[in-house]
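The values are calculated or read from the model by the stated rules, or taken from the named source; none is laboratory data. Just so it is clear, the model here is predicted, and its values are computed rather than measured. Quick reminder, even Gly has a Cβ in these numbers, built from the backbone with ideal geometry, and neighbours come from all protein chains shown. These area figures cover heavy atoms from the full protein model, side chains too; ligands, DNA and RNA do not enter into them. Shrake-Rupley method; radii C 1.70, N 1.55, O 1.52, S 1.80 Å.
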Amino acid sequence: MEVERVMVTGANKGIGLEFVKELVKLSKPPRFVFATYRDERTTQALKDIRDASKDTEVVLVKMDITKTKEIADARKIVESKVGDKGLNLLINNAGVLTWQGFPEITEENMLFHFSTNTVGPVMVLKEMLPLLQKSAARKDSGMNISRAAVLNISSGGGSISALSLELSKDFLPALGYRTSKAALNMAMKVVALTLNGQGILVVNMCPGWVKTDMGTDQAQLTLSESISAMLKTLPQLNESHHGTFLDRNGKTIPY
């Protein structure tokens with residue numbers, strides 16, 4: 001996989017942190033990895049990666065994806081490093097999950113998930129769009145992650161078609177999370193169609209059920225298994241995958 005300038009949101013732990021770890025270990029690692037976090041107290045693992053990295057400049061960026069000013073400030077930091085080359089790959093990873101089902105569900109819970117899992121990624125992409133456009137303009141045809149791409153970390157839990165009475169009811173209490181991921185899928189489908197023809201690939205991807213704070217130890221996949229699979233899939237994506245919803249291996253998930 002060859003990509004020079006990458007931004008990973010929610011990079012201080014879990015899936016985001018593993019992305020940073022594995023990106024800098026690639027045979028041809030990125031020149032820059034912009035790793036965002038919300039709380040300075042949670043950045044030691046990122047600092048360790050930054051300090052040990054020889055070929056990649058890992059830039060730690062404080063950014064809460066629910067705060068427009070912090071997103072704008074983050075763009076300025078990225079722009080100061082990449083200049084006219086722009087941003088190759090935006091990995092919209094930051095997200096939240098708290099358990100609450102129906103009818104216990106509260107307005108606060110629904111808005112909490114929607115603000116972070118749906119609105120946040122859209123606003124990050126909106127702010128970083130000019131940088132993605134700069135990168136896309138450097139090549140004149142095709143869609144791929146080496147040119148310009150947005151990878152939105154979604155969830156199979158956001159698939160309306162896949163939800164049925166036959167499935168386990170254990171995950172129904174994640175009502176706010178499921179709803180926000182379904183909304184993210186729709187939002188990014190709209191974005192993909194809107195940006196069609198600009199050379200910016202937009203894809204939604206489920207990483208699988210991963211052993212993280214969010215996924216718990218009961219999950220099926222280790223972080224390495226999930227992220228390594230996604231990193232193998234990403235270079236295979238092209239214009240035929242624009243606006244699609246995929247699993248980590250590139251198989252289509254129904255919306």
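Tabulated values for the structure
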quantity: Output for the range 186-203, where each listed residue is crowded, with 20+ Cβ neighbours inside 10 Å and either at positive phi or touching a Gly at 6+ places or on another chain (Cβ under 8 Å) (or both); calculated: M188, A192, G199, V202, V203
quantity: Residues satisfying the stated conditions in the range 118-154, i.e. modelled with pLDDT of 95 or more, part of a loop (DSSP other than H, G, I, E, B) and farther than 17 Å from E4 by Cα; calculated: S154
quantity: Considering residues of the range 204-223 that are crowded, with 19+ Cβ neighbours inside 10 Å and polar (S, T, N, Q) only, the residue nearest to V20 (Cα to Cα); calculated: T212
quantity: Single condition G101 does not satisfy, out of (1) closer than 22 Å to S135 by Cβ; (2) small (G, A, S); (3) surrounded by fewer than 18 Cβ atoms within 10 Å (Cβ to Cβ); (4) in contact (Cβ under 8 Å) with a residue 24 or more places away in the chain; calculated: (1)
quantity: Failed item in (1) hydrophobic (A, V, I, L, M, F, W, C); (2) open to solvent by less than 20 Å² (accessible area, probe 1.4 Å); (3) within 14 Å of the chain's Cα centre (by Cα), with L131 passing the rest; calculated: (3)
quantity: Any hit, the range 103-113, residues being farther than 28 Å from T68 by Cα and either touching a helix residue (DSSP H, G or I) at 6+ places or on another chain (Cβ under 8 Å) or of a type outside the set (V, I, T) (or both); calculated: yes
quantity: Only listed residue being assigned to a helix (DSSP H, G or I) and farther than 20 Å from L151 by Cα, chosen from L111, L17; calculated: L111
quantity: Where I71 falls short, out of the listed (1) on the phi < 0 side of the Ramachandran plot; (2) part of a loop (DSSP other than H, G, I, E, B); (3) at pLDDT 95 or above; (4) not basic (K, R); calculated: (2)
quantity: Count of the range 199-223 residues which are part of a loop (DSSP other than H, G, I, E, B), at pLDDT 90 or above and within 20 Å of A174 (Cα to Cα); calculated: 2
quantity: Filtered residue count, the range 224-255, keeping only those that are assigned to a helix (DSSP H, G or I), open to solvent by less than 30 Å² (accessible area, probe 1.4 Å) and in contact (Cβ under 8 Å) with a residue 24 or more places away in the chain; calculated: 6
quantity: Number of the condition not met by E2 [criteria: (1) crowded, with 21+ Cβ neighbours inside 10 Å; (2) touching a Ser or Thr at 6+ places or on another chain (Cβ under 6 Å); (3) within 21 Å of L131 (Cα to Cα)]; calculated: (1)
quantity: Count - residues of the range 22-52 that are surrounded by fewer than 18 Cβ atoms within 10 Å (Cβ to Cβ) and touching a helix residue (DSSP H, G or I) at 6+ places or on another chain (Cβ under 9 Å); calculated: 5
